[in-house]
Amino acid sequence: MESSKVVLYLAVSLDGYIARSDGSVDWLFDVEGDGVDNGYAKFYGRIGALMMGRRTYDEVLKLSEQFPYKGKPCYVVTRSEQPSSPDVMFTAEDLASLVPKVKAEAKGDVWLVGGGQLTKAFLEKGLLDRIEMTVIPKILGEGIPLFPEGTDFTRLKLVTAEPMGQMVSLAYEVLKR
């Protein structure tokens, strides 16, 4: 069996932002896609665990009345430990030791949900295997960048490019140094 991969999966504006400056993602919801779910169910079906930063976790909670990732281990990486729940484990553990454990325990790939600072840290430590992004045809002009200033130079290999209505889905393998 192929080992789990850490996959960054997200939507990004044409000018490279993952959210407005206040964290809002309201700009995602009125774009013509594939008429179904834009590949989400297929992607989520291969996910065995999730990892996200604390700010991303807080935004996820604003978008839904119930935690949308019940039934799959979810790790929230935060500088300050918090009491975990059946659905979420808060951790301040170093990524270099945490990520291999999560990959080993996951029954599928590990979804790096976000955000930018956590993505930067994963790239710096060589822990990200793949980037799957959907480019939304909107220019925000400002916001939270997909790759924050100071992100390490990273080489990628295009795996797939697929139009979905007005959006484009791109998948890249992260080439290891």
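The values are calculated or read from the model by the stated rules, or taken from the named source; none is laboratory data. Quick caveat, the model's predicted, so the values are computed rather than measured. So basically every Cβ, Gly included, is an ideal-geometry build from the backbone, and we count neighbours across all protein chains shown. Surface areas here come from the heavy atoms of the whole protein model, side chains and all, with no ligands, DNA or RNA. Shrake-Rupley method; radii C 1.70, N 1.55, O 1.52, S 1.80 Å.
Summarising the amide proton neighbourhood of A19: residues at separation of 5 or more, or on other chains, whose placed amide H is nearer than 5 Å comprise I144. In loop segments of region 87-177 as defined by DSSP, the GluC sites (Glu not before Pro) with at most 11 further C-beta atoms inside 10 Å of their C-beta are E142, E149.
Here's how it looks for K5: its modeled amide H is under 5 Å from those of D109, V110, which are all 5 or more places away or on a different chain. Filter the cross-link list K70/K138; K5/K138; K70/K120; K70/K125; K101/K157; K5/K176 down to pairs whose alpha-carbon distance in this structure exceeds 22 Å. Where the Cα-Cα span goes over 22 Å, the pairs concerned are K70/K138; K5/K138; K70/K120; K70/K125; K101/K157.
Which distance in Å, rounded to a whole number, links the C-alpha centroids of region 109-173 and region 35-66? After rounding, the separation between the Cα centres reads 15 Å. Using a probe of 1.4 Å, the accessible surface attributed to R130 totals some 60 Å² when neighbouring protein chains are kept in position. Relative to the Cα centre, the charge distribution of region 14-95, modelled as +1 at Lys and Arg Cβ and -1 at Asp and Glu Cβ, gives a dipole magnitude of about 320 debye. Taking every C-alpha pair closer than 8 Å and separated by at least 6 residues, the mean separation divided by the residue count of region 31-163 gives a relative contact order of 25 percent.
Taking G116, G16, G35 in turn, the Gaussian network model of the chain (Cα-Cα springs below 10 Å) assigns the largest fluctuation to G35. The phi-based Karplus calculation (6.51 cos²θ - 1.76 cosθ + 1.60; θ = phi - 60°) puts the 3J(HN,Hα) values of region 144-149 at 8, x, 4, 10, x, 3 Hz, whole numbers, x for Gly and Pro. Pairwise alpha-carbon distances in the chain exceed 23 Å for 40% of all pairs.
Taking square-rooted eigenvalues a ≥ b ≥ c of the alpha carbon gyration tensor, is region 120-177 rounded, prolate or oblate, where a/c under 1.5 means rounded and, failing that, a/b exceeding b/c means prolate? Oblate.
Shape verdict for region 17-70, please, from the Cα gyration tensor: rounded (a/c under 1.5), prolate (a/b greater than b/c) or oblate. Taking the square roots of the gyration eigenvalues as a ≥ b ≥ c, region 17-70 is oblate. Evaluating 6.51 cos²θ - 1.76 cosθ + 1.60 at θ = phi - 60° for every residue in region 117-134, the Karplus couplings come out as 5, 5, 4, 4, 5, 4, 5, 4, 8, x, 9, 9, 9, 8, 10, 10, 10, 10 Hz, glycine and proline recorded as x.
Close amide H partners of L50, meaning residues 5 or more places away or on another chain with modelled amide H under 5 Å apart, are C74, Y75, W111. In the chain, the sites counted are chymotrypsin sites (Phe, Trp or Tyr not before Pro) in DSSP loop states with at most 13 other Cβ atoms within 10 Å, and the longest stretch holding none of them, exclusive of the sites, is 30-152. Here the Karplus curve 6.51 cos²θ - 1.76 cosθ + 1.60, taken at θ = phi - 60°, turns the phi angles of region 81-95 into couplings of 4, 10, x, 7, 10, x, 9, 9, 10, 8, 8, 10, 4, 4, 4 Hz, with x standing for Gly and Pro.
Look at the Cα gyration tensor of region 21-109: its axes a ≥ b ≥ c give a/c of at least 1.5 with a/b at or below b/c, and that counts as oblate. Of the accessible area of region 47-152, computed with a 1.4 Å probe over protein heavy atoms only, carbon and sulfur atoms account for 51 percent.
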